[in-house]
Every structure is written in structure tokens, then in C-alpha cells.
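This report refers to the structure that appears directly beneath it.
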Amino acid sequence: MKIEITPKLDFNNVLIKPQRTTISSRNEVCLQRIFTFQNSSSSWKGVPIMAANMDTTGTFEVLKILSKFKILTCLNKFYNLKDFKSFIKGFKLNEEIGDILKYTVVSTGISEKNYENLCEIMDNIPFLKWICIDVANGYMYKMVEFCKKIRKRYPKAIIIAGNVASGEMTQELIINGGVDIVKVGIGPGSACLTRMKTGVGVPQLSAIIDCADSAHGCGGFIVGDGGITCPGDMAKAFGGGADFVMCGGIFSGHDENPGEIIEEKDSSNKIKKYKLFYGMSSELAMKKHYGSMANYRSSEGRVIKVPYRGSLEETVNDYLGGLRSTCAYVNAKKIKHLPKCTTFILVSQQINTHLVK
């Protein structure tokens, strides 16, 4: 048994220190980045944000909205070739669907059935070049071997894989697994119970800082996955060195998310509207996709009633506006420059909630 005594930080432990800036308008800030990936030799240009590959956010309807902003959508791994073909039929022009598919990430687990489904999609749908290999525990030997298998089959694909929360495994996936972007985050998501059920995890900001340093040292990139509660958290993730940020909860609860609107009366008899959002390791997800929860595991995901939020576009604009404002406060004209312009200060309180009910 060992104990690490160096403090580990989460987003609520810090604020970003403002500094003198030459930026006079948020319009001057560029949120797009151009990436060239070492292992795939492929390039991509867009806003480095991803919707998580969950049932309620990794959907074709969410994809249609986020692609307008040049944001990536990691589709849930339960889509098959038939689903993709049905989606494509809704577009008249190849050029239009081609633009959308550039921001589409095909997700997969690491079973043989998952592999066959992935290959069927990738081999039959043009324009696709993003793959997300997603398991809760990215430290498994089997995970690295599966990444190698995918890299050999699709040498030009941009591969995301995780989840991990330490620098050593980040480098293992990049160097030996052939991964381009490592997914970082063990238990920070709003619908995740992993830390409660297992006691395993690393505070998300420190995980991002450590893994980003390791990834950049060997030519790779990371995506911070989870823990985002507001635009300020997203800015801190980028400031901490995340190349991409993946979000689930903040993209839930909208018109474009699946599921009916639930109406309930609150304690004052007012009608409140909700939509369901749930973790992919929750009992609900297990029963939906596999018929039951295996008796050798526990539910590591929550089912949450998210207040109904209306249009997804409004939420996206709110977050992008917050990011531009952060960049203006620290003189980062491009989001790529944010880590170099960021100084974190430790705080005991972030906001004044005196009049907030």
C-alpha cells in the first residue's frame, strides 16, 4: 500500500487568474483548432468539444445540431449499419451528409461482437474516420490489444480510447496501442457512481493535467471526459491542457435528446418538466441493452431527471460564449493558446450564492 500526499485538484478547487489582455472583443477569439495526429497521420479542423457516447447524448439528432458548430458527436455503440443507412437516407445531397459525417465518431466496446459491428459500419459508410474505443476500465491488457487490432485494420482512422486517469496508461495507449486521443476520466461524470461503488478515481483537473503532460510528451492528445457542470469548468479543462473536452450531462435534457418530457409537481404545486439522463453502467442501461444486470457486478451509474432545457443550440452557444470570454480574460486569441495563458489559483469559494434559492 502506498499513499500519494501531493494534493489532487478538481474544477471546484481552482479559478483562472485574469491577466492583461490585448483582446477587446470576444469575436476576436478563435475556438477552432487544426490537429494532425501522429499515429493515423490524419488531420481534422473543428471546435474540440465532443458529446459523450451515451444513449441520451450520442445520437443522430444531437449530431445534426452539433455538426453545425463543427463539434464532434461520439455516437453510442448500440447503433448498427442499418441505423446509419436510415439516417443517411434523410439527406438529399452527398455533400451535406459528408459534412455531417466528418464530425461523427463511431463508438465500440472491445468484444468480438462490438468489433464486427464497428467494421460493418466503417467498411460501408463513406466519410467516417473517427473511432472511439470505450470501456469503463481502460487499464485492461485486452484494451491495448484491441486498440492495436483497430489500428492495423484502419491505419488512417483517428482513434480515441479510454478511460484512464494516469500518465503511464496514457502513454501506453498512445505508444503501444496506436491511439491518437486518450479519454481521461474515472468517475467524474454526473451520472457515474464508480467512485462511490469502487473507491477508484482521480480528481478530474489533476487527471487532465497529468495525462495531458504525458500525452504531449509522446506526440498524442487527450480528451477530458466528464466533470463539466458549467462553462467555467470547460474552460478550466482546456486551461489544464485538455486538447478536447467530452460532455454528457450538459448536452442532455433538450428537445433533441431522446425520451419523453416528464411533468411533475414540485413542493409548491408548480409543474416542472424533465427528461431522463442515465449512465451507461446503470441498471437501466444494462437492462435496456443486455436484458438484465449481471449478478457479478453492481450498478455504477445514476438515472437522473434533468430539468428540461429547450433547444440544444442555446446551451451550445452559452458554452462557446463562456469559452470565448475566458480566452479574452487571459489574452488567448486561440483556444490552442489557453493552457499557456492559464494560471490556476487555489480557492475555498468560487461564487456568491447568498441570494440563490
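Points to keep in mind about this one:
- Residue among E145, E96 that is surrounded by fewer than 18 Cβ atoms within 10 Å (Cβ to Cβ), at pLDDT 95 or above and either in a helix (DSSP H, G or I) or not β-branched (V, I, T) (or both): E145
- Within the range 102-120, one or more residues are closer than 25 Å to F69 by Cβ, in contact (Cβ under 8 Å) with a residue 12 or more places away in the chain and surrounded by fewer than 20 Cβ atoms within 10 Å (Cβ to Cβ).
- Options N53, N39; residue that is in contact with a helix residue (DSSP H, G or I) (Cβ under 8 Å, 6 or more places away or on another chain), modelled with pLDDT of 95 or more and crowded, with 17+ Cβ neighbours inside 10 Å: N39
Residues are listed down the side, and each one gets a yes or a no for (1) among the aromatic types (F, W, Y); (2) touching a Pro at 6+ places or on another chain (Cβ under 8 Å); (3) under 28 Å from R195 (Cβ atoms):
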site: N13; (1), (2), (3): no, yes, yes
site: C30; (1), (2), (3): no, no, no
site: I34; (1), (2), (3): no, no, no
site: C74; (1), (2), (3): no, no, yes
site: F84; (1), (2), (3): yes, no, no
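- Residue check for S67: open to solvent by 40 Å² or more (accessible area, probe 1.4 Å), of a type in the set (S, T, Y) and either assigned to a strand (DSSP E or B) or on the phi < 0 side of the Ramachandran plot (or both): no
- Filtered residue count, the range 151-177, keeping only those that are part of a helix (DSSP H, G or I) and either surrounded by fewer than 24 Cβ atoms within 10 Å (Cβ to Cβ) or touching a Pro at 6+ places or on another chain (Cβ under 9 Å) (or both): 9
- Residues of the range 206-220 satisfying the condition of being closer than 19 Å to F37 by Cα and open to solvent by 10 Å² or more (accessible area, probe 1.4 Å): D213, S214, H216, G217, C218, G219
Yes/no matrix, rows are residues, columns are (1) open to solvent by 30 Å² or more (accessible area, probe 1.4 Å); (2) modelled with pLDDT of 85 or more; (3) over 25 Å from G185 (Cβ atoms); (4) small (G, A, S):
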| position | (1), (2), (3), (4) |
| --- | --- |
| D255 | yes, yes, yes, no |
| N295 | yes, no, yes, no |
| V347 | yes, yes, no, no |
| N352 | yes, yes, yes, no |
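The values are calculated or read from the model by the stated rules, or taken from the named source; none is laboratory data. Small disclaimer: the values here were computed from a predicted structure and weren't measured. When we count neighbours, we look across all protein chains shown, and the Cβ atoms used for this are built from the backbone with ideal geometry, even at glycine. Please note that ligands, DNA and RNA were not included when accessible areas were found on the heavy atoms of the full protein model with its side chains. Shrake-Rupley method; radii C 1.70, N 1.55, O 1.52, S 1.80 Å.
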